[in-house]
Amino acid sequence: MNNVINKKLYIGLDVGSTTVKAVVMDDNETILWKDYRRHNARQPESVLAFLQEIESAFEGSSMYLFTTGNGGRSLGEYINGLHVQEVNAVTLAVEKLHPRAGSAVELGGQDAKVIIWKKDSRGQKTSISYMNDKCAGGTGATLDKIFSKLQLTREAICNIRAAKELNIHHIAAKCGVFAETDVIGLIKAGVSDEEIVVSLCTAVVKQNIEVLLHGNPLGDDVILLGGPHTYIKAFSDVWRNLLPETWEIHKFRPKDKPMEELVYVPENAQYFAAIGSIIFGKEQEGVHKHSVYTGADRLIEFINEGKSRQLEALGEVLPPLATDENEVAAFAKEYGIPRFIEPEIEKGSIVDVYLGVDGGSTSSKLVIIDSAGELIYKDYVLSKGNPIVDLRVMFQNILDWEKRREFSLNIIGTGVTGYASDILQKAFSIDTAVVETVAHLKSAQNYYGDPDVICDVGGQDIKVMTMKHGRVVDIRLNTQCSAGNGYFLQAMADQFEVPVEKYAEHAFLARKAPSFNYGCAVFMEQDKVNFQQLGWTKDEIMAGLAHVLPLNIWNYVVQETNIAKLGTKFILQGGTQKNLAALKAQVDFIKKKVDGADVYCHKYAEVAGAVGAAIEAKQKVKQSVFVGLKDAVNVSFISKNDDSTRCRFCSNQCPRTFIDIQKEDG
């Protein structure tokens, strides 16, 4: 970099919701240095790392700094950066680098923006722009969350192409929660990862066309900007496949050029906001006074000390989940789910048992109970994409367990519950299918007698049942949103690069926590980003997310602020209860609201539904038709989803997946 020493240089910093982008340019607006990386909730630290690298690379040069993005304004004051609104930055960058562009679409971590250039009555070119202001569905953060469910590497996802012969499946991109639910359904139906990726990209593009364009056609040339467009090749294919139809509807005639030239991802597409901030900033009067980069000392001071002072000046700050390690230990002893210890079984014996399965939204659970109703075996696996595959693996695990322990199981009855109960019952000839609410009620009653309230928090479901005299009188489910459930907390942990098993460990370290607004997961995501910008640590944010869980359950799902009217005996179930921080927030909330409340965490919380299915089998099954473990392991299937399986009974023509199952008897 010796050739730029003592030159005047310009730094552009785009501090986004999930990534930080930086460029260094000279007076001729030539890019001398650039970088793009995820900040993992450490925006100030990532900006500092960039600045230190730039200082080292261009030592001796005078530098002027410009910021943009949703985190740029707050951090800019600590590095004397002139802030540029991001739409203005992107608009100027396109006009300067691609003056013939008719429109630009940028997808970011939580933002989506469309810029369209038109000619006014005097023939002068003007621009109009639109952004997503209420929802982050379909942006990069949502894509990351959904792609994490697929058994594909990031590189494999980025290289998938949208071939026209692929089937496109319906995914609701308007809301990230709905999109995730649709994708889970496709995974369980056996749809290929490739088709899911392309279908999701198609849904996002349609969302942009239908919502962000406000009835305007995208003028050619169409510039695709932002990280998702840059790295996920299928997006370009989808735009090229869908735009001709919209142009025809609007009677817009594009230039006579190949689609690859009409719709394209330009060089440095992920850096346009950072580049535009420099171009915009340089044109402002007095720029050299207000944007001289004087070093990162104030930013370092803010990272080390200033954040704490800033947080003290904020509004509502929640107390810690626990004051010290002793409180955590005492709570874990009273409420924590105990480690399951398999009972001793005599070698060579034949044990009469009942088997229960819960095919859930994000995991599959299997249990075995003996003739006395006591649990002797359990298995819990995160879904590998298809419940039939999950169950075959677990059946093989049982055979291995029998062989290892040198005894035999005589399976008298089998039961199944959960999302995938229909297909699993047919695939393995399981004796009885049980409605989820009934399964959870039977499980709670078996170990704790008649409760007043059962609260089951699973991967995507929240089920709250109220009872009178051992009968269910009301059921509340989260029918439209999965905010605050197990997978939401897991996804948040993933964003902080914390294993979900370590969630509670981090949350209990926090000595204070931010107050989240309960409700939609997308809004909570935005709260999280805002808290990051204000300097809350990941431990404190994770504690805040645990605090908001009971609000989501009782205020959002149940819609009952006076939960004391529901009773005093509460049973907490579901895999989320394994997260001790989430469990403590729930217990503390209930005890604060209900005088004399008896709160129990089901000792088999993560498999409570499967236990209920096994109990139902014990009570109902007289003669089992289960195929048997050895035959179950060998059950095979063929999944088909193409034009021949599409439903033709109405104008929607919905795609369907047919699954042909081959069992030993045909």
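A compact table of results
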item	result
Accessible area, probe 1.4 Å, largest first, for residues Glu301, Glu406, Glu616	Glu406, Glu301, Glu616
Charge-dipole axis of the chain as Lys and Arg at +1 and Asp and Glu at -1 on Cβ define it, positive-most pick from Phe508, Ala104, Ser121	Ser121
Heavy-atom accessible area order for Val473, Val367, largest first, 1.4 Å probe	Val473, Val367
Whole-number Å³ per residue for the convex hull built on Cα positions in segment 344-422	86 Å³
Radius ratio Rg over Rh of segment 384-470, counting only Cα atoms, Kirkwood formula for Rh	1.04
With DNA, RNA and ligands ignored, accessible area of Ser127 (1.4 Å probe; Å², nearest 10)	60 Å²
Sulfur and carbon atoms: percent of accessible area, the chain [1.4 Å]	48 percent
Within the chain, helix-based [θ] at 222 nm, where runs of 4 or more DSSP H residues each add -39,500 (n - 2.57), nearest 500	-11000 deg cm²/dmol
Given charges at Cβ of Lys, Arg, Asp, Glu: the chain dipole, positive-most of Asn446, Gly359, Ser236	Ser236
Positive-pole candidate from Gly596, Val633, Ala582, dipole of segment 580-652, charges at beta carbon	Gly596
Stokes-Einstein D for the chain, Kirkwood Rh over Cα pairs, 10 °C, 1.306 mPa s (µm²/s)	57 µm²/s
Solvent-accessible surface (1.4 angstrom probe) belonging to Tyr600, in square angstrom, nearest 10	90 Å²
Charge context of Ala614, other residues only, Cβ under 13 angstrom, K/R +1, D/E -1	-2
Nearest-20 debye value, segment 14-110 charge dipole, Cβ charges on Lys, Arg, Asp, Glu	380 debye
Cα-based radius of gyration of segment 384-423 once divided by 2.2 N^0.38 Å, which approximates compact folds	1.38
Base-10 log of normalised Debye intensity for segment 559-600 (one unit scatterer per alpha-carbon) at q = 0.15, 0.26 Å⁻¹	-0.35, -0.94
Unit charges on C-beta of K, R, D, E only; dipole of the chain, Debye	1080 debye
Accessible surface of Glu501 - all protein chains present, 1.4 Å probe, nearest 10 Å²	150 Å²
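The values are calculated or read from the model by the stated rules, or taken from the named source; none is laboratory data. Predicted model, so just to flag it, every value in this text is computed and none were measured. Please note: Cβ atoms are built from the backbone with ideal geometry, for glycine as well, and neighbour counts cover all protein chains shown. Accessible surface is based on the protein model in full, side chains and every heavy atom, while ligands, DNA and RNA are left aside. Shrake-Rupley method; radii C 1.70, N 1.55, O 1.52, S 1.80 Å.
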